[in-house]
1. On the given criteria, is A39 surrounded by 15 or more Cβ atoms within 10 Å (Cβ to Cβ), within 19 Å of M1 (Cα to Cα), of a type in the set (A, V, I, L, M, F, W, C) and without any contact (Cβ under 8 Å) to a residue 12 or more places away in the chain?
2. Do you know which of the residues in segment 154-172 that are modelled with pLDDT under 90 and open to solvent by 90 Å² or more (accessible area, probe 1.4 Å) is nearest to G137 (Cα to Cα)?
3. Is it the case, given these coordinates, that I57 is among the β-branched types (V, I, T), touching a helix residue (DSSP H, G or I) at 6+ places or on another chain (Cβ under 8 Å) and closer than 30 Å to K110 by Cβ?
4. Evaluate the following for A91: is it over 30 Å from A117 (Cβ atoms), free of Cβ contacts under 8 Å to residues at least 40 places away in the same chain, open to solvent by less than 100 Å² (accessible area, probe 1.4 Å) and part of a helix (DSSP H, G or I)?
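The values are calculated or read from the model by the stated rules, or taken from the named source; none is laboratory data. On a predicted model such as this, the values are computed, not experimentally measured, just so you know. As a convention, Cβ positions derive from the backbone with ideal geometry for all residues, glycine included, and neighbour counts pool all protein chains shown. All accessible areas refer to the heavy atoms of the entire protein, side chains included, with ligands and DNA or RNA removed. Shrake-Rupley method; radii C 1.70, N 1.55, O 1.52, S 1.80 Å.
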Amino acid sequence: MSRVELFERIRRDVRLDPFLSQRALAKKYGVHRRTVKQAIASAVPPPRKVPRRKFRILDPAVGWIDAMLREDLKAPRKQKHTVERIVQRLAQEHDFDQASYSSVRNYVRKRRPEIAAEEKEGRRHLEGMVPQAHLPGEEAEVDFADVWVRVAGEAVKCHLFTLRLSYSGKAVHRPVDRTIGVSSAAAVV
């Protein structure tokens, strides 16, 4: 049951039996008497206090680790730093060996995606689509291709002329028989 439900039940029991002691309520719900006192005082549970650490053992090495992770963004996959290699480099290059493997691993697991997101944030304007605006009749794309068509039941190799208008996106396709040199209304095979 959530703390809100617990507070609600304690307050309901106090309403139904005002002579019920805090000790009896604490024993009934399996909580500390301080919790019962808080429930009687307010229907809303107080927010949980999150302890803030003043100093982490890893704080002096955070800059070095971040630099290694930024190097990894440009390195090939096989040359990226493993956590073990980061710990070795911290000990060899910076004479830092106070942090355990697990604390470095936890930091790298949390920080690697953050650094990748920070790097992408700087290039965000380069990614995406560039809207194109064309005036009517200003631009078109033309292409030719070989196609086989049936003319009077016989397969004939023709050239397919394709014109696509940039403004509307409409396209025109015309098969051209090279022996006759005129457009023929034929079904494409």
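1. Taking the combined requirement at face value, the residue does not satisfy it.
2. Among those that are modelled with pLDDT under 90 and open to solvent by 90 Å² or more (accessible area, probe 1.4 Å), it is Y167.
3. It is true that I57 is among the β-branched types (V, I, T), touching a helix residue (DSSP H, G or I) at 6+ places or on another chain (Cβ under 8 Å) and closer than 30 Å to K110 by Cβ.
4. So A91 fails the test.
Results for (1) outside any loop (DSSP other than H, G, I, E, B); (2) on the phi > 0 side of the Ramachandran plot; (3) in contact with a helix residue (DSSP H, G or I) (Cβ under 6 Å, 6 or more places away or on another chain); (4) open to solvent by 80 Å² or more (accessible area, probe 1.4 Å), shown as yes or no for each residue.
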{"position": "L6", "(1), (2), (3), (4)": "yes, no, no, no"}
{"position": "A26", "(1), (2), (3), (4)": "yes, no, yes, no"}
{"position": "K49", "(1), (2), (3), (4)": "no, no, no, yes"}
{"position": "R53", "(1), (2), (3), (4)": "no, no, no, yes"}
{"position": "V62", "(1), (2), (3), (4)": "yes, no, no, no"}
{"position": "A67", "(1), (2), (3), (4)": "yes, no, no, no"}
{"position": "H81", "(1), (2), (3), (4)": "no, no, yes, no"}
{"position": "Q98", "(1), (2), (3), (4)": "no, no, no, yes"}
